[in-house]
Structure formats: structure tokens, C-alpha cells
Amino acid sequence: MDTIFNNVCVLVTAAFALTLVPGFRHPDRSLLSRRDQGTALLVFLLLGLVEEVTVSHAGWMNERIVAVCAAGLVAGPWVGLAVSVFVTWLAVAHDGLPLGSIAISMLCGGLAGGCLYRWRPKLAQYPLTGFCLTLGTSLLRSCLIFFYSPGSPAAQPWLEEIGMGPVLQGLGTALILAIVEQVRDRDEQTRAAASAEARALQARMNPHFLFNALNALAALSRVAPREVPRATGRLRQFLRASFDQQERLFVPVEEELAVVRAYLEIESLRLGDRLTVEQAIDPTLSNVLMPPFSFQPLVENAVQHGLHSSPRAGQLHLVVRPAGPWLEVSVSDDGQGVPPTEVEQLFFAERPGVHALVLLRRRLQGLFGRSFQLEVRSEIGEGTTVTMRIPLRKRSGVCPESPRAITSNLRELASD
């Protein structure tokens, strides 16, 4: 009983080590990188080595068989093949088992699990699949040893272990898959909750932007009525982008910049020479992903609370650049500014009339946890700078969050 308990502890430890690998925490198995596969290979090689450094090989549990089958099922055929070769060498070189019988059964277990991983990834995740594959591999190994090497020491206790050994080994693989599946399901629920909260906060932000844009349009109708048709066209672009982006958590930087420029053009039509915009945009970041309407509140904050607070002409400075592993976005204005001691209360205080930056910070927390920065620096007479830093995440190929419609929308925005 103590030996079985020790074996269970070893299997739980191996499963826990796998759950620390980022690729195994995501349900999409295609996202498993070479680095994650290498980590999985190391875990299963160590699991196979346990059979040699403990007394467990004297009992019913065989960690080598569990390592081979689980490796193929959770990390793919190449990892399953590598573990099969390693444990076959251990069994033959250190325990004197027959090469043919061990090699055939181990290779069959590792490659069968790898094929399921490659061609039936959903099926490979089920604990029952791991149990059946390991049970079959264990029975195949025992039969090959008994019939082709009946005089081998490993064949003597075969009749005693044929009933319990394969079952325990199958349960061992099922235990590893079950633990990985539980951690994956928990993380998926956490991501789903964060995604739902981010979408809810984004839905609250869009009407806020629309309200301010309509106010700008109403003011423009009084001071420059001839510019209303042009401003209306830009407002249409703004609304189109809002509707297109509301179901996506991330959009390319180039798409977010198109929305910001449409908004700034509405404001420039109303403010005229009072608004000057300077941009320092790194062109290599056009395909980097960022949350939609995350740049917009920074710009609107500078216009509403910076330029409108000063009677003289004002200037905005927009910066988008890489900062190590971060995408850094900042907006500076040369308005009157506020005392540094009042920044938190003015921009991030919880009150009925919630500030757009409060909603933005909640969204970023839901999407990135603690892996973001949103800070405001301000001084009286020196203006205000709002800086956002989020993980640098590049778009690769055609992703679900950026369909072909994005390209046509951007072309239409440019043509208007």
C-alpha cells in the first residue's frame, strides 16, 4: 500500500509540473511551442527514470509505461517517441529485459498516443483515453515478454500481475490527464470571466465616447456649420469602428489609430488652430495587438481635460513605441495640469460620474492581470501625460480577432 501511495505522489508531482508549463494550461493543443514540448519531455524522462531509482519496479505500478503513454497524449508523437526510446534503453540496459518485446510495446504506446494528440486532440485529452491506451500497452508488453522470453525474470510474476498491474498503470495515466484537465478548465473559466467583464466595461465605454463626439458635433454646428458634413463622415467612421470592435478583445494598432485619427479630426474641425497634434508612431508596430478603444480614452482625456482647460492654443503629442517586452502608448498635452497629489482622485476615483480612465484600468486588469501599467503624470503649468504599457503581442497570420473585414474597413476610412 505504501508503494502505491508513493507512486501516486510521483504521478501527481509530474502532473503538477506539467500544469506549470503555459502551453498545457490552454485548451488549444496547437499552441504548444517547442519550448513547452521540451519541458514536457524533461518531465516524462524524469518520470521514466523514477522506475530505476526507487523500489517501485518491484510492485504493480510501472512508471515507464505511464510516462510513454502520457507523453504521447499530452505532448505529441516526437515527445512520445523520445520517451519510448529512453525507457526502452533503461529497461534493457539496467533490468535485462528483452529488447524486442520492450521496444515494440513502448514504441506502440508512445506513437499511438502521439497520433491521437495530432489527429484527435480532443479525444487525447480524456482520462478514459489515457486509461485504455496504457492498459493496452501494458498488456501488450506483458504478452510479448511471456510468449517470446518465457525464461526472462520479468515473465515469472506475469500471471500474478496481469490483473492488477495494467489497471493501476492505466489509472496512473488517467490521473495525469485528469489533473491537467482540471487546471485547464479552471484557467478557461477564469479567462472567460475576465473576457466577459472586459466586454461589459467596453460596452460602457462606447456610449461615453459617442456622447462626447455628438457634443463636439453640436458645438461645431454653431461655430462652423459648413464643416458639419465632413465631421459627420468622421463620426460615421467612428461609429463603424465602434460596432466592428465591440465583439473583439484585441485589434491591430493600425486599426486603433484609424479610430483615434477620426476622433481627432472631429475635434480639429471644431477647435481649428487651437489644436495641434504631433505623432511619433513606430511603423513596425502596425500589426501589434491592443485592446480596442484603449488609445481613444487617453486622447480624449487630453482634449477634454487638457486643451479645454487652457484658453490658449494647445498641442497633443502621441507616442506609440516598443519598450522592451511592452507596447508603450502615451498622450501628452500642454494644458494647465493638476497637482500631482490630486491625480489619483481626479482620474481614478470611484464616483457616480466614472472617468473613462477608470473603465480602461478595469478592462486592462481583466485582460492582463497585473501585467500592465497605466499612469498619469501632471504638474501645474506643465500639462499632463498619460502612459499605458501592455504586453507586446504581435499578430501572426490571419487571427480570429482580425478578419478580412478589417482591411476593407481601413481602406474605406482612408478613402473618406
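The values are calculated or read from the model by the stated rules, or taken from the named source; none is laboratory data. No experiment lies behind these values; they were computed from the predicted model shown. Here the Cβ is made from the backbone with ideal geometry for all residues, glycine too, and neighbour counts use every protein chain on show. Just so you know, the surface numbers come from the protein's heavy atoms only, side chains and all, with ligands and any DNA or RNA stripped out. Shrake-Rupley method; radii C 1.70, N 1.55, O 1.52, S 1.80 Å.
Could you go through region 263-273 and let me know if any residue there is crowded, with 22+ Cβ neighbours inside 10 Å and among the hydroxyl-bearing types (Ser, Thr, Tyr).
Yes: one or more hits.
Under 8 Å between Cβ atoms, at least 6 apart or on separate chains: pull out the pairs that start in region 164-190 with a residue that is free of Cβ contacts under 8 Å to residues at least 40 places away in the same chain and part of a helix (DSSP H, G or I) and end on any residue that is small (Gly, Ala, Ser) and buried (at least 18 other Cβ atoms within 10 Å of the Cβ).
Close Cβ pairs satisfying both conditions: 166/138; 166/142.
Open to solvent by 60 Å² or more (accessible area, probe 1.4 Å), over 16 Å from residue 65 (Cβ atoms), of a type in the set (D, E, K, R) and modelled with pLDDT of 85 or more, is that true of residue 191? First the steps, then the outcome.
Numbers: open to solvent by 60 Å² or more (accessible area, probe 1.4 Å): yes; over 16 Å from residue 65 (Cβ atoms): yes; of a type in the set (D, E, K, R): yes; modelled with pLDDT of 85 or more: no.
No: the conditions fail for residue 191.
Pairs under 7 Å by beta carbon, first residue hydroxyl-bearing (Ser, Thr, Tyr) in region 285-307, partner open to solvent by 10 Å² or more (accessible area, probe 1.4 Å) and at pLDDT 85 or above, six or more apart or different chains?
Listed pairs, sorted by first residue: 286/254.
Identify all residues within region 121-156 that are modelled with pLDDT of 85 or more and among the β-branched types (Val, Ile, Thr); write none if there are none.
Passing the criteria: 129, 134, 137.
Can you spot a residue in region 58-68 that is among the polar types (S, T, N, Q), modelled with pLDDT under 85 and within 18 Å of residue 180 (Cβ to Cβ)?
From region 58-68, those among the polar types (S, T, N, Q) are 62; that's our starting set.
Those left that are additionally modelled with pLDDT under 85: 62.
With within 18 Å of residue 180 (Cβ to Cβ) added as a condition, the list becomes none.
No, the conditions are met nowhere in region 58-68.
Just to check your reading of the model, which residue among 78, 89 is in contact (Cβ under 8 Å) with a residue 40 or more places away in the chain and surrounded by fewer than 24 Cβ atoms within 10 Å (Cβ to Cβ)? Can you show your working first?
Details: 89 fails: in contact (Cβ under 8 Å) with a residue 40 or more places away in the chain.
Residue meeting the stated conditions: 78.
Would region 276-293 turn up any residue that is at pLDDT below 90, crowded, with 21+ Cβ neighbours inside 10 Å, of a type outside the set (Phe, Trp, Tyr) and in contact with a strand residue (DSSP E or B) (Cβ under 9 Å, 6 or more places away or on another chain)?
Checked region 276-293: at least one residue is at pLDDT below 90, crowded, with 21+ Cβ neighbours inside 10 Å, of a type outside the set (Phe, Trp, Tyr) and in contact with a strand residue (DSSP E or B) (Cβ under 9 Å, 6 or more places away or on another chain).
Hey, any hits in region 273-281 for a residue that's basic (Lys, Arg) and either in contact (Cβ under 8 Å) with a residue 40 or more places away in the chain or closer than 19 Å to residue 361 by Cα (or both)?
In the first step, residues of region 273-281 are kept if they are basic (Lys, Arg); the result is 274.
When the remaining residues are screened for being either in contact (Cβ under 8 Å) with a residue 40 or more places away in the chain or closer than 19 Å to residue 361 by Cα (or both), the result is 274.
Within region 273-281, one or more residues are basic (Lys, Arg) and either in contact (Cβ under 8 Å) with a residue 40 or more places away in the chain or closer than 19 Å to residue 361 by Cα (or both).
Residue 256 fails exactly one of the following numbered conditions: (1) part of a helix (DSSP H, G or I); (2) surrounded by fewer than 20 Cβ atoms within 10 Å (Cβ to Cβ); (3) in contact (Cβ under 8 Å) with a residue 40 or more places away in the chain; (4) touching a strand residue (DSSP E or B) at 6+ places or on another chain (Cβ under 8 Å). What is the number of that condition?
Going through (1) part of a helix (DSSP H, G or I); (2) surrounded by fewer than 20 Cβ atoms within 10 Å (Cβ to Cβ); (3) in contact (Cβ under 8 Å) with a residue 40 or more places away in the chain; (4) touching a strand residue (DSSP E or B) at 6+ places or on another chain (Cβ under 8 Å) one by one, residue 256 breaks only (2).
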